[in-house]
1. Looking at the stretch 78-112 only, could you name the residues that are over 16 Å from ASP145 (Cβ atoms) and within 12 Å of the chain's Cα centre (by Cα)?
2. Does the stretch 41-55 contain at least one residue that is modelled with pLDDT under 95, over 27 Å from ALA166 (Cα atoms) and open to solvent by 80 Å² or more (accessible area, probe 1.4 Å)?
3. I'm checking my understanding of the structure. Among residues of the stretch 106-123 that are open to solvent by less than 80 Å² (accessible area, probe 1.4 Å) and of a type outside the set (A, V, I, L, M, F, W, C), which one is nearest to GLY78 (Cα to Cα)?
4. If you go through the stretch 71-85 one residue at a time, how many are under 17 Å from ILE137 (Cα atoms) and open to solvent by 50 Å² or more (accessible area, probe 1.4 Å)?
5. Can you name every residue in the stretch 144-165 that is in a strand (DSSP E or B) and either open to solvent by 70 Å² or more (accessible area, probe 1.4 Å) or among the β-branched types (Val, Ile, Thr) (or both)?
6. What are the residues in the stretch 124-141 that are over 17 Å from THR77 (Cβ atoms) and in contact (Cβ under 8 Å) with a residue 24 or more places away in the chain, if any?
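The values are calculated or read from the model by the stated rules, or taken from the named source; none is laboratory data. The structure displayed is predicted, hence computed values, not measured ones. All Cβ positions, glycine included, derive from the backbone under ideal geometry; neighbour counts span all protein chains shown. In case anyone asks, the SASA skips ligands and DNA or RNA and just uses the protein heavy atoms, side chains included. Shrake-Rupley method; radii C 1.70, N 1.55, O 1.52, S 1.80 Å.
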Amino acid sequence: MKKTINLKMLLIAVFAIIYTSATAQQSTEIKKYDQGFRLGFGLNGGIPTNKVYSWSLGGDVRLQYDLSMKTSLTLTTGFTNLFVNKQDLKDIGFIPAKAGFKAFIWEDQFYVLGEVGAGFAVTNGYNDTTFLWAPGIGYANKYVDISVRYEDYTKFNTNQVALRLAYGFKL
């Protein structure tokens, strides 16, 4: 448990340092920027880190509000299924509901993202709700968003490393 807390603190510190150094290097030139919403639809595949689950697959919808050229707020939901590798257990499918902060750190395309929220189990008789948090890094342009994230599920006794491929557009 202490090792997990230390890993969480290390990841938070790394993202804070990256964001701080990126914002410190912004030019003093002021550009006009229209704040607005973006909507993205993504496919997710992941590898859980414990031996009960063998892989995961899901889809999501992400609403993003651009605060500036470098920062955005996000709301993400969808469906994720964790597939078990033992015959006597059942897969678990859940609906994540996450809020997050995205900071573009390089060339307005590479970013770091941190999300927190809840995962609501909805399949195979599971009735648990778990706290989840997910730091990640990614690349986004006008339409494509590709990211890798670490996602931790407290009550589901696992976490995963996942890849997200998404199509997004301005609303």
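1. PRO96, ALA97, ALA99, listed by residue number.
2. yes
3. GLY119
4. Residues that pass the stated criteria total 2.
5. Residues satisfying the conditions are VAL144, ILE146, VAL148, THR158, VAL161, LEU163, LEU165.
6. ASN124, GLY125, TYR126, ASP128, PRO135, ILE137, GLY138, TYR139, ALA140, ASN141
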